[in-house]
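Undergrad: One structure, pasted below without further comment.
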Amino acid sequence: MSRLVGRTAVVTGASRGIGRAIAERLAADGADVAVHYGGGESAAGETVAGIERAGGRAFAVRAELGTAGDADALFAGLAGWLAGRPLDILVNNAAAAPTGPIETDTPEAFDRLFAVNVRAPYFLIQRALPVLRDGGRIITLSSAATRAANPGQTSFAMTKGAVETMTLTLASALGVRGITVNAVAPGATRTDANAPLFEAPGVVEYLAGLAALDRVGRAEDVADVVAFLASDDARWITGQVIDASGGLHLGSRGGLRLSARG
């Protein structure tokens, strides 16, 4: 496919997992992709090398998100790569992991979670706006945790609720420039980065049973949705949260079937 030929894209947290799959898919569609990483330089290099082997174009850029000056550091690293070209696509994928239930959470962990998951994407968007072309795309990864209560992910779900609100309001603010702003909400998604979490006996079967499509997600499932939103085919979609969870927590698949007459 070549629907993104000539476009430039930045994917944060693209060294592994869903971020890597998104970078690979955008590159396969023809985009030049900046692969952002925080500490995984080797993994980011593997992402870039894989894209190049497949005939795509990619570049690795480092910035530690959630720290002072992170947006400036990232865009300073992009300056030579962009070489005066506009940015077409910004994908805010990087996120800190859940820090546990409220009983064991700490102010330090809470602040770190919000710094990476909320403040960083917000100010990356602010920093991107002067170079983002009219008609560009902003896509932020949310989570199915915002619509299904999980006490072990309270603060994490709060951060994702924040970026969903950000998506709605920025879609309204930036629509006059033709910029679409959307979010994608994965559910249980098995990747190279989190594979050990799925290795305990019965975990995969349990999580698959919670999804209408009866399996756990793959990184490519999410990447394909992001690629659609990045394309011209999604030009009339903005301010939306697209569920990419395979129908997680839609309801029981084996419960009572009541007739229309009760």
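Undergrad: Do we find that P196 is without any contact (Cβ under 8 Å) to a residue 12 or more places away in the chain, of a type outside the set (A, V, I, L, M) and either touching a Phe, Trp or Tyr at 6+ places or on another chain (Cβ under 8 Å) or closer than 30 Å to G40 by Cβ (or both) in this structure?
TA: In short, yes.
Undergrad: Another question, if that's okay. I'm trying to understand the selection: among the residues of the range 32-55, which are part of a helix (DSSP H, G or I) and closer than 13 Å to R20 by Cβ?
TA: Within the range 32-55, S42, A43, A44, G45, E46, T47, V48, A49, G50, I51 qualify.
Undergrad: Related question: Look at the range 1-24 and say how many of its residues are closer than 26 Å to D192 by Cα and not aliphatic (A, V, I, L, M).
TA: The number of residues fulfilling the criteria is 9.
Undergrad: Just to verify a result, which residue in the range 1-47, among those that are surrounded by fewer than 24 Cβ atoms within 10 Å (Cβ to Cβ) and among the aliphatic types (A, V, I, L, M), is modelled with the lowest pLDDT?
TA: Checking each candidate, the answer is M1.
Undergrad: Checking the condition part of a loop (DSSP other than H, G, I, E, B), crowded, with 19+ Cβ neighbours inside 10 Å and among the aliphatic types (A, V, I, L, M), which residue from A94, A120 passes?
TA: A94
Undergrad: Sort through R190, R147, R177 and tell me the only one that's of a type in the set (D, E, K, R), surrounded by 12 or more Cβ atoms within 10 Å (Cβ to Cβ) and modelled with pLDDT of 95 or more.
TA: Among R190, R147, R177, only R177 is of a type in the set (D, E, K, R), surrounded by 12 or more Cβ atoms within 10 Å (Cβ to Cβ) and modelled with pLDDT of 95 or more.
Undergrad: Going by the conditions given, is V176 in a helix (DSSP H, G or I), under 16 Å from G246 (Cα atoms) and not basic (K, R)?
TA: No.
Undergrad: Looking at R25, R20, which is the one that is part of a helix (DSSP H, G or I) and closer than 30 Å to E108 by Cβ?
TA: Within the list R25, R20, the selection yields R20.
Undergrad: Quick one: I138 ticks every box in (1) surrounded by fewer than 23 Cβ atoms within 10 Å (Cβ to Cβ); (2) touching a strand residue (DSSP E or B) at 6+ places or on another chain (Cβ under 6 Å) except a single one, so which number is it?
TA: With (1) surrounded by fewer than 23 Cβ atoms within 10 Å (Cβ to Cβ); (2) touching a strand residue (DSSP E or B) at 6+ places or on another chain (Cβ under 6 Å) applied to I138, the lone miss is (1).
The values are calculated or read from the model by the stated rules, or taken from the named source; none is laboratory data. Here the structure is a predicted model, which is why all the values come from computation and not from measurement. Positions of Cβ are backbone-derived with ideal geometry, glycine not excepted, and every protein chain shown enters the neighbour counts.
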